[in-house]
Amino acid sequence: MTTQTESYIKHHPDDWSFTSKHHHHVERTVQPVIKELVKWVTQTVPPNPSSVVLDGACGLGTVTAEVKKAFPNLHVLAIDSSTGMIEAINRHANSRAWQNVETKVLDGGDLTAIPSTSITHALACTVIDLAHSATAFIHSLSRVLAPDGILGITTWADPTHPSISTPWTKACQRLYPSFKPPLVTNPKWTTPELIKENLTKAGFKDVQTKQVYAHWRWSSAEEMMEWFFEGGNPVCKRWHEALEEVGGRLGDVRERFREEVEREYRSEGGMLGKEELVNLTIARK
């Protein structure tokens, strides 16, 4: 891992392996928008039997699952830098009897193991704005995409993640008024204009972005507390660090955070819910 980074959080593949057993909360949140992105990508460039889909930074396999629902026989290459995530998607592939799914432990910033122009559809969801080098990742995706291939990405529209940071900030400021929410995702990928600029610089064309809402849902405040404090997600760790930077201690604000979550989140069908804006983007090679 290089020392220079575009990421606003500290993270290593081992961190994502640790949090893989808690990551279903995140993937449950983004699954509907990923479904919409997969539909948009495949309607724009309909796959054929020779198509190859890249699921970049596959996590637990939400992109692959949506591709397999619509195109069961399509070849999917799912990659992730985390062995824990790759082990998880392999379990899902076996339990769901997915065919033509290949998995590899690969960092998106270095896709030299994938031949140039070998991918027809590349998807990278909830990763570009967390990547150590979004620039390298995007350029790698451009290299592996075939001529007239299509890219689909998701990025968060607010780099503070207000669905989580708003109750966390209110809880922290009750004891530590100087606390400010840190940026946790890269602000250079937050707007359609910035996304188009970044992708155009990397050689992409016909860039289109639409903004939709993802919906965080929790069975209870306690479920969210467990994910936030014990789940090991590197984004959550950055929020913890921000509190420590003003002299705070996690134990002092835990109960206050639960109270703020219950105030901020709506009750939706027996779940606590809150929406957050996401960018869906497609671009052509």
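The values are calculated or read from the model by the stated rules, or taken from the named source; none is laboratory data. Note that the coordinates shown come from a computational prediction; the quantities given were computed from them, not determined experimentally. Positions of Cβ are generated from backbone atoms using ideal geometry, with glycine treated the same way; all protein chains shown enter the neighbour counts. Remember, those area values only see protein heavy atoms, side chains included, never the ligands or the DNA or RNA. Shrake-Rupley method; radii C 1.70, N 1.55, O 1.52, S 1.80 Å.
Quick look at the values:
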{"read-out": "Members of the range 241-279 found to be of a type in the set (Ser, Thr, Tyr), open to solvent by less than 50 Å² (accessible area, probe 1.4 Å) and either out of contact with any strand residue (DSSP E or B) (no Cβ under 6 Å at 6 or more places or on another chain) or modelled with pLDDT under 95 (or both), listed by number", "value": "none"}
{"read-out": "Subset of the range 187-222 (residues that are in contact (Cβ under 8 Å) with a residue 24 or more places away in the chain, acidic (Asp, Glu) and within 17 Å of residue 141 (Cβ to Cβ))", "value": "206"}
{"read-out": "Residue list for the range 16-38, filter: open to solvent by 40 Å² or more (accessible area, probe 1.4 Å) and out of contact with any Ser or Thr (no Cβ under 6 Å at 6 or more places or on another chain)", "value": "18, 21, 24, 28, 32, 35, 36"}
{"read-out": "Scope the range 134-153; condition small (Gly, Ala, Ser) and in contact (Cβ under 8 Å) with a residue 40 or more places away in the chain; matching residues", "value": "134, 142, 146, 149, 152"}
{"read-out": "Index of the failed condition, residue 41 passing every other in (1) open to solvent by 70 Å² or more (accessible area, probe 1.4 Å); (2) part of a helix (DSSP H, G or I)", "value": "(1)"}
{"read-out": "Segments classed as helices (runs of 4 or more DSSP H), wholly inside the range 129-203, with at least 1 members that are in contact with a strand residue (DSSP E or B) (Cβ under 9 Å, 6 or more places away or on another chain), hydrophobic (A, V, I, L, M, F, W, C) and within 17 Å of residue 109 (Cα to Cα)", "value": "134-144, 192-201"}
{"read-out": "Tabulated pairs, the range 154-171, first within 23 Å of residue 62 (Cα to Cα) and at pLDDT below 95, second buried (at least 21 other Cβ atoms within 10 Å of the Cβ) and among the small types (Gly, Ala, Ser), C-beta under 6 angstrom, 6+ apart or interchain", "value": "none"}
{"read-out": "Extreme residue, nearest to residue 36 (Cα to Cα), among residues of the range 68-92 that are hydrophobic (A, V, I, L, M, F, W, C) and open to solvent by 40 Å² or more (accessible area, probe 1.4 Å)", "value": "70"}
{"read-out": "Members of the range 183-213 found to be charged (D, E, K, R) and surrounded by 16 or more Cβ atoms within 10 Å (Cβ to Cβ), listed by number", "value": "188, 196"}
{"read-out": "Whichever residue in the range 93-128 is in a loop (DSSP other than H, G, I, E, B), touching a residue at least 40 places away in the same chain (Cβ under 8 Å) and of a type in the set (Gly, Ala, Ser) and, among such residues, is surrounded by the most Cβ atoms within 10 Å (Cβ to Cβ)", "value": "108"}
{"read-out": "Qualifying positions in the range 172-182 - in contact (Cβ under 8 Å) with a residue 60 or more places away in the chain and open to solvent by 20 Å² or more (accessible area, probe 1.4 Å)", "value": "174, 175, 176, 178, 180, 181"}
{"read-out": "Residue in the range 209-218 that is part of a loop (DSSP other than H, G, I, E, B) and modelled with pLDDT of 95 or more present", "value": "no"}
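Quick grid of which residues meet (1) within 26 Å of residue 24 (Cα to Cα); (2) among the basic types (Lys, Arg); (3) touching a Gly at 6+ places or on another chain (Cβ under 8 Å):
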| position | (1), (2), (3) |
| --- | --- |
| 165 | yes, no, no |
| 177 | no, no, no |
| 190 | yes, no, no |
| 203 | no, no, no |
| 215 | yes, no, yes |
| 233 | yes, no, no |
| 243 | yes, no, no |
| 254 | yes, yes, no |
